[in-house]
Amino acid sequence: MLEPSDIKSLITEVLEDLLYERELLTEGGAAGHMRHPFDLDDVKDGSGLVDKFKQIGKEIEGGNLPDTKVDGSNNSIKIVDDKFVADRGSQKELDIKGCSIECLRDRFPPTIDPETGEEKEHGMVKSMGETLEIFNDDFESLKPELKKLGVLDDPTKFLDIEYVKKKEEGGKSVNVLEYDHDFLKIHGVKQFYEKHDRKGKLIRPGSERPVNEKTGKPTKEASTPIPYDQKALDSLAEKVNKAGEKHGFAVYSLIPSKKTGEFDFAPVMSVPIPVTLSDGNVDEKTLGERLQAAKNRIGEEVATSDGRAPPAQGKEIYVKVLGTVADDLNADPARQVPLDQLLANPEDNQKAIDGAVFWHATRLLGNVIMDNMEVDHPAVSGPAKDHEGLVLTLAGDTFKTKITGEFILRGVASPHRKEAEPEEATAKGKTIALFPGSFKPPHKGHLSVIKAVAQDKNIDEIRIIISAPGKDVRSAKITPDKAKKVFEKYLQAAGINKPVSVEISSSPSPIGAAYEYISQVAAPGENILLLTSSADASRYAPKEMEKAKNLNKNADTITVDSLILPACRGEGCETADKISASTIRDIIDGHPDITLDQLQVALNHMPEPMSLQDKLATFEGLIDASLADKFSSEELNMLSESVIFIMEVIDKALDVVNETVRKTRGKKQWCVFAKTAKTKEGKPRGFGCRKSLKAARKRLAQVEGFKAMTEGDELEEYEIVEASAASGMGMGYSVPVPQSSSRDNFLEKHRAMPAIAQGFEP
């Protein structure tokens with residue numbers, strides 16, 4: 001009988017095996033993960049990272065010229081029974097024994113198109129098939145070089161090949177970077193690590209698996225680079241090139257680069273790296289200052305507020321902590337997620353900062369290298385920064401280190417990276433509902449969308465992403481920061497029982513913000529739903545969604561779709577007016593020349609759960625001014641707090657026997673009061689004040705009108721019109737009252753009106 005400890009151990013081993021398979025998926029198969037400078041064992045802290053880049057610069061100056069990293073599909077081939085076969089480094093029997101061209105479709109089964117139900121051939125069948133055909137074309141002639149390289153009689157060793165296609169049939173680009181011809185690049189020779197099953201049986205022979213110093217666990221990498229004869233590899237490439245020509249492919253070994261400028265790392269150290277600790281609390285330091293205190297956090301994790309544990313030194317933490325995006329070198333507080341919102345424990349703050357700083361420093365220091373290197377080769381040419389990166393073997397190392405610069409954030413993903421079984425590769429991750437918009441400003445229609453989506457049991461998390469249009473686009477007063485604060489107030493008042501986050505994107509458009517998240521932030525296994533209304537159903541084109549997804553390194557595990565919400569639900573939708581942010585923008589931009597009626601309209605666009613005082617404070621935050629400078633406290637207190645409050649006013653009006661208009665003492669205004677109806681404090685119930693007697697009498701007529709409307713049984717259809725200049729009691733949308741309406745039915749229908757308005761405008 002198994003003991004609990006035995007069961008725990010068994011489960012752990014099984015999980016480790018599954019994770020191992022998934023790492024092969026995401027890190028490029030047998031070739032494994034090529035190391036960034038921050039991955040190196042001798043880089044212990046920030047100073048060590050800077051020293052490593054200085055070493056790289058000196059070795060390049062001394063003649064150790066880097067190879068050029070190209071963007072293609074990684075193929076690994078080994079020799080079994082005097083022919084090349086495929087081996088992606090997994091624990092599948094077809095890999096361990098080696099898969100010939102004949103078994104590729106078994107090794108890489110077709111996928112099913114979810115829309116058509118048709119089978120689609122796995123991309124690796126073609127890429128690996130063509131690679132094997134080229135290398136096996138004249139195998140006998142290659143034996144001298146293969147023997148020198150040590151791969152002829154040892155199937156634990158393999159050639160690391162990059163398969164680069166110019167175009168697929170139909171003109172679609174296969175790679176993130178485009179090339180003007182098809183070619184194979186031989187990166188070098190590697191050896192598989194040995195692998196045992198959970199019972200200890202050796203299932204894959206190879207080099208002894210080393211133990212990670214930090215974790216104390218064996219490395220999960222599939223293979224390791226080994227020394228080889230470069231001249232033999234160059235000679236091999238020349239011979240295989242002849243066979244490649246038959247298939248329209250060139251074959252290369254090294255694609256060298258050369259130094260064109262000086263490697264001056266000093267300016268990078270003075271780059272400001274602000275970090276937002278909490279709203280309004282930004283810690284300002286330079287990169288040099290942060291590196292002085294930073295430790296290498298490889299292998300460490302942080303606990304996030306949504307219950308996850310991502311790597312402290314990973315892309316997600318980097319992007320959120322520093323607010324960085326591709327093609328923008330600035331650490332921008334406007335795009336940062338405050339640490340007190342991002343992390344569950346303040347103890348993880350320094351881990352997250354260090355991890356983010358290591359990524360940013362690797363990016364900026366890498367740019368210094370990339371900006372001063374050039375490639376001149378038949379395969380590729382031009383400035384090194386236009387390519388995926390540079391690769392070199394540093395003195396004393398047996399492995400290659402990559403310098404990527406800007407490409408560290410570009411999420412390069414091969415279209416053929418699906419290696420695990422379908423159930424492994426598509427292991428269920430979180431279903432994330434994305435609600436992107438400029439939200440200038442947020443209103444109750446937006447909140448209603450969040451409320452509706454939160455009721456969906458299949459959705460795990462909602463992310464509101466605020467775009468950052470230019471100052472001249474819509475209202476300059478409503479900044480992304482203000483929009484974020486307003487949304488957070490709405491969410492707090494709504495009390496939604498599901499994780500909802502609000503973040504700011506660097507993209508100027510909502511659609512761009514959505515695609516930015518998909519391509520750069522989405523985690524493995526995520527199911528992403530882009531929220532839109534039926535009035536804007538074509539907002540997200542399937543081709544564009546797919547394009548954005550394919551830029552993510554975990555593209556094969558991510559799904560992206562749009563979730564189209566009804567523009568309006570319930571009776572009367574066809575006549576419902578649009579809840580529009582533009583209405584509020586016009587009022588905000590018109591301040592200080594706004595009326596009390598206009599202020600009422602703006603407040604009515606805010607969600608009902610908020611109190612009047614919270615609404616007024618929110619509006620003041622949007623205009624950066626106090627309303628007390630414009631209106632008296634009596635005027636502000638007379639404003640209706642919500643649609644429900646308006647209904648209550650109507651209800652109370654039924655009890656008013658006679659209304660009166662009288663001038664207030666000491667002020668030039670006239671107010672409408674009830675003669676008999678009282679407030680809780682025993683004072684006459686008021687129905688609003690106006691600056692002229694004429695306007696007050698008009699207000700009196702409106703109260704009488706409401707009385708008649710709610711008491712009459714044979715009235716024609718009546719509308720409470722949004723922001724009616726006459727009433728000053730705008731509701732944010734029009735509501736038809738049926739001809740045969742009692743007070744009770746009228747109130748019931750109003751309270752049942754859907755919150756989602758037709759064609760909501762984000």
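Here are a few things to note about the model shown:
- Under 14 Å from a label point set 7 Å out along the Cα-to-Cβ vector of D340, the amide N atoms of segment 280-306 belong to 280-283.
- Amide H contacts under 5 Å for H196, placed H, 5+ residues apart: I203
- Under 5 Å from the amide H of E461 lie the amide H atoms of T431, A433, each residue being 5 or more positions distant or on a separate chain, with H modelled from the backbone and absent for Pro and chain starts.
- Where labels lie 7 Å past Cα in the beta-carbon direction, separation of Q55 and D106 in nm: 4.6
- Too-long pairs where the Cα-Cα distance tops 31 Å, listed order kept, from K451/K477; K165/K320; K92/K120; K451/K549; K44/K185; K220/K285: K165/K320; K44/K185; K220/K285
- Measuring between their Cα centroids, segment 51-74 and segment 290-322 lie 26 Å from each other.
- In a fully extended conformation the segment linking D138 and L394 would gain 88.7 nm over its present Cα-Cα distance, using 0.36 nm per residue.
- Ranked by the mean number of other Cβ atoms within 10 Å of their residues, highest first, the peptides 480-490, 312-322 come out as 312-322, 480-490.
- Among the listed pairs K295/K482; K157/K201; K217/K258, those beyond 30 Å (Cα-Cα): K295/K482; K217/K258
- Shown for I496, I77: other C-beta atoms within 10 Å of each C-beta, ranked fewest to most, produce the order I496, I77.
- Multiplying the residue separation of A625 and E289 by 0.36 nm and subtracting their alpha-carbon distance yields 117.2 nm.
- Segment D82-E544, length gained on full extension (0.36 nm per residue, minus Cα span): 161.8 nm
- Highest-first arrangement of 38-44, 125-131, 157-163, where packing means the average Cβ count within 10 Å: 157-163, 125-131, 38-44
FYI, it's all coordinate maths here, none of it is from the lab. Values in this document were obtained by computation on a predicted structure and should not be read as measured data. No Cβ is skipped: glycine too gets one built from the backbone with ideal geometry, and neighbour counts run over all protein chains shown.
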